[in-house]
Structures are given as structure tokens and as C-alpha cells.
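Inspection log for the structure reproduced underneath, given as C-alpha cells.
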Amino acid sequence: MCEHSIHVCYKVLSSMPMAVLNLGQIDPFQRGFFCKDNSIQYPYHDGTITTTVLSTVGLGLPISSVYLLEFLEPSSRDHAILLF
């Protein structure tokens with residue numbers, strides 16, 4: 001019972017800032033956006049990362065990491081679940 005009331009208290013306390021903002025008690029600061037603003041403008045580059053590099057690193061790195069950590073580690077070989 002005590003654990004449940006602690007969770008409810010955490011949820012109420014964590015939702016209070018959003019409740020205050022959504023009820024209109026505090027207005028968030030809003031600033032205009034201008035495309036010609038030099039303080040936020042960066043030079044345009046026609047392609048900094050090629051699609052091949054993005055695909056290789058984006059797919060190859062996670063797959064090889066999972067393979068190396070899950071299937072080649074000697075201590076977890078008995079407990080590994082093979083997906084393929």
C-alpha cells in the first residue's frame with residue numbers, strides 16, 4: 001500500500017509543471033524565427049555524409065555489436081537466444 005502511494009505521489013509531482021503550463025498560468029517564451037538571421041544560419045553543404053556510409057554505419061554497427069556481444073561472448077553462449 002505504501003509503495004503504491006509513493007508511485008502516485010511521484011506521478012502527481014512530476015505532472016505538476018506540465019499542468020501549470022497547460023492551464024495557462026505561465027506563458028512560455030516565444031521568439032520569432034527569421035530565415036535571414038545570421039546567428040542561426042549555417043553554410044549549406046551539398047552532402048556531408050554519403051548514403052553508403054550512412055547505411056553501412058547505421059545498419060552494420062548495431063548488427064555487428066549485437067552479434068559480437070551476444071553470440072561470441074563465452075560466458076553468455078549457453079544462455080543466448082538465436083534469432084536467425
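Among the candidates 4, 79, which residue alone is at pLDDT 75 or above and more than 27 Å from the chain's Cα centre (by Cα)? Walk me through how you get there before you give the answer.
Details: 79 fails: at pLDDT 75 or above.
That would be 4, the only listed residue that is at pLDDT 75 or above and more than 27 Å from the chain's Cα centre (by Cα).
Conditions tested, residue by residue: (1) exposed (fewer than 10 other Cβ atoms within 10 Å of the Cβ); (2) at pLDDT below 85; (3) in contact with an Asp or Glu (Cβ under 6 Å, 6 or more places away or on another chain); (4) not in a loop (DSSP other than H, G, I, E, B).
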site: 18; (1), (2), (3), (4): yes, yes, no, yes
site: 29; (1), (2), (3), (4): yes, yes, no, no
site: 40; (1), (2), (3), (4): yes, yes, no, no
site: 54; (1), (2), (3), (4): no, no, no, yes
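The values are calculated or read from the model by the stated rules, or taken from the named source; none is laboratory data. The model shown is predicted, which means the values in this text are computed figures rather than measured ones. Counting neighbours? That spans all protein chains shown, and the Cβs are built from the backbone with ideal geometry, glycine included.
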